[in-house]
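Here is the structure we will look at.
The values are calculated or read from the model by the stated rules, or taken from the named source; none is laboratory data. These numbers come from a predicted model, not from an experiment. Cβ sites come from the backbone with ideal geometry, for glycine too, and all protein chains shown count toward neighbours. Keep in mind that these areas ignore ligands, DNA and RNA; they rest on the heavy atoms of the full protein, side chains included. Shrake-Rupley method; radii C 1.70, N 1.55, O 1.52, S 1.80 Å.
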Amino acid sequence: MLQGFVRVALAVTVVVLAVVPDTVVTAITRSLGAEVTCPPRDTRVTTPYPITGYWVIPRPDRCVTQRLVEAVHGVGGDTIITFGARILPAEVDGDGRVTGDLAGDFAGCVENGKPCYRAALEAAPGRTIGRVYTYLTTERFGDAVLRCPGLDRRIESGGRTYYRLMLGGCDAGRHDLLLIAADGDGVGNLLAEAAAYGMRVFPGLPVPPRDPGKPWLPDLAHLPALNELTARVLADYRQRYATSAALGGVYQSFELAMRDRADDDAIIALYAAQHEVVAAAMPGTKIMVSPFWDARRGRGFPVEQVGKGFADIAGTRAGAPMAIAIQDGRGVGKVPVYGADEVDASVGPRLAPMVGERTHRQAYHGSTRDYVAEAARHVEPGVELWVNVEVFEPTQAAGECGRANPFPLRGRATKSRVDEQVAAVGGNATKIIAYGWDPFLTCRSDDATPSLSDDLAADWRQPIIADARWTGAGITVEGYRLGGGDLRFTYQARGAGTRTVTVPQQRHAPRTGDADRASDGGDADREPDGGDGDRAPDGGDGDADRVPGGLESAWAPFAPGDLDPARPWITITATDGAGHTSTGGYAFDGGTPAAGRVGS
């Protein structure tokens, strides 16, 4: 009877483990007295795609985190970014309990039977508390955040970790009180797993409260509290992760538009103040920011404002290295991706809800390629140009998965659409990253439909052309996965309609520019650094061998004498040696080829 009961219990347990979330599975396993052991890691990069970094949501469960990091790593990711939590002003009731929307999250902050506010007052007799702040986060901290002995405390209660921090100096007569509630250590899990996979993490810096009257701006009245929290968090990182290559830098989570800004701009002031704290607390730490563009006519700003906006952001780095990872704008529909031959073509159906039924020229100041190229002209020493491609659609189509929360709804992009985005920025970006892994690369419309990450993994060998130019008696293309195949050229012949010519590649090199040297007598087949051009990344420093973004070069002889000068566009597609073909064509102006040729 007992054996039968045990068998039934085990069977029920197996069923439960199969259907409940992973964190619950872990809890059940622990409750049964079993040790939680994650599966062995698979550190191979099996399907490397040109996007090498993603925003992710930290998980408190270590095994779930391992699978997340492994999935990102498997498609070529070497960088993970997280958003920072927001410090918020709070109120307490007469008993010292936090009120408002976060009351439930801080109800467990109790010390010796007293709410943390009351306990803080008793720990500092004769002193007063001014403002109260809350900070709800997904990471635990070490002792470095506890600066003031007797005043600062860590409290374990109800499965959560709380921190009670007195801000403003240990000997001050008046303090601000910061209460932190940590739901697990998702950020710590990411750093631990990233180290195992040879990856880097950019944790988000603490985020300030929003200006109540202008919620797109920070409320600088709370800057002292924000800066002290930032300094304490970074002191903790320095103490715990200084020797870990997994800490790649920090991410500035408060966004701004890259445009001409006023001299007293509040976001620039926030950047300057918080980045100065970063540079002082952790010298040499890279600061990553991700500004956005809006190219819509009547609402956005023209390409000409990019340079001033870029310089304003770079000017806040306080001597620290900086990566400016510009949002390409396609996902939200604020900046389109189109070829040089499509300026007067109608916007696609996914963009029409944002700008109406108009042409690209009528609706937008320019394309993603135009804006990124302008930003590249203003890169300065100490600053890298990254691009954040938005792997989603502005709205959801019927039956399409995507993001439902937070509003607005966003739809799932296709692999071919993402290829277009990569092609538009790859010629100028040192690194391409994407927002965001969850849910846009993992969601499925139904059980039979692959996710976007599945599609990237299935077709990662498809070539992508990011640039083209005349070189000698032919054309050099730059892009990804180009080697060993053909280039197909389609153009309008004078008086003869459309012609398509397929030409075998004669030279291919896995680094930008080598095919050019080969066209003038160099050795196109030589690996410039002695490496294997088709080798998948091994999880090391992903930027060291990308010039820029890991571009390859290929050259083929092609010089049409009958190109129609009224329609000078040459559209190029690539097929690699194994027969994989690019999902879209790259168009460039082939008119007056002799004037545009390199080495002619």
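A 1.4 Å probe run over the protein chains yields, for the range 290-345, 32 Å² of accessible area per residue, whole-number rounding. The Cα atoms of the range 220-298 give a gyration tensor whose axes a ≥ b ≥ c have a/c of 1.5 or more with a/b no greater than b/c, which makes the shape oblate. Less than 5 angstrom separates the built amide H of Arg210 from those of Asp219, all sequence-distant by 5 or more or on a different chain. What do you get for the angle between helix 62-74 and the principal long axis of the chain? Use alpha-carbon atoms, 0 to 90 degrees, nearest ten. Computed tilt is about 10 degrees. With respect to the chain, whose longest principal axis is taken over its alpha-carbon atoms, helix 2-19 is tilted by about 50°. Placing +1 on the Cβ of every Lys and Arg and -1 on the Cβ of every Asp and Glu, with nothing else charged, gives the chain a dipole about its Cα centre of roughly 820 debye. Sequentially through the range 49-54, phi angles give Karplus couplings (6.51, -1.76, 1.60; θ = phi - 60°) of 9, x, 6, 10, x, 9 Hz, Gly and Pro residues having no value and appearing as x. Derived scalar couplings between HN and Hα for the range 318-328 equal 6, x, 7, x, 9, 10, 9, 9, 6, 5, 6 Hz in order, rounded to whole Hz, by the Karplus curve 6.51 cos²θ - 1.76 cosθ + 1.60 (θ = phi - 60°), x for Gly and Pro.
In the context of the full set of protein chains, residues of the range 115-263 present 37 Å² of accessible surface per residue (probe radius 1.4 Å, heavy atoms only).
Surface composition of the chain: carbon and sulfur make up 51 percent of the accessible area, probe 1.4 Å. Each of Ala124, Leu563, Val389 was placed along the dipole of the chain (beta-carbon charges, centred on the mean Cα), and the one lying farthest toward the positive end is Ala124.
Please work out the Cα center distance from the range 67-130 to the range 40-59, rounded to the nearest Å. Here the two parts' Cα centres lie 30 Å apart. Rolling a 1.4 Å probe over the protein heavy atoms leaves Trp569 with an accessible area of roughly 80 Å². From helices alone, the chain scores -7500 deg cm²/dmol at 222 nm; the rule is -39500 (n - 2.57) for each run of n ≥ 4 DSSP H residues, then divide by the residue total. Computed about the Cα centre, the dipole magnitude for the range 198-353 is approximately 440 debye when only Lys and Arg (+1) and Asp and Glu (-1) carry charge, each at its Cβ. For Val343, the solvent-accessible surface computed with a 1.4 Å probe is close to 40 Å², ligands and nucleic acids excluded. Each Lys and Arg contributes +1 and each Asp and Glu -1, all at the Cβ; summed about the Cα centre of the range 347-475, the dipole is approximately 280 debye.
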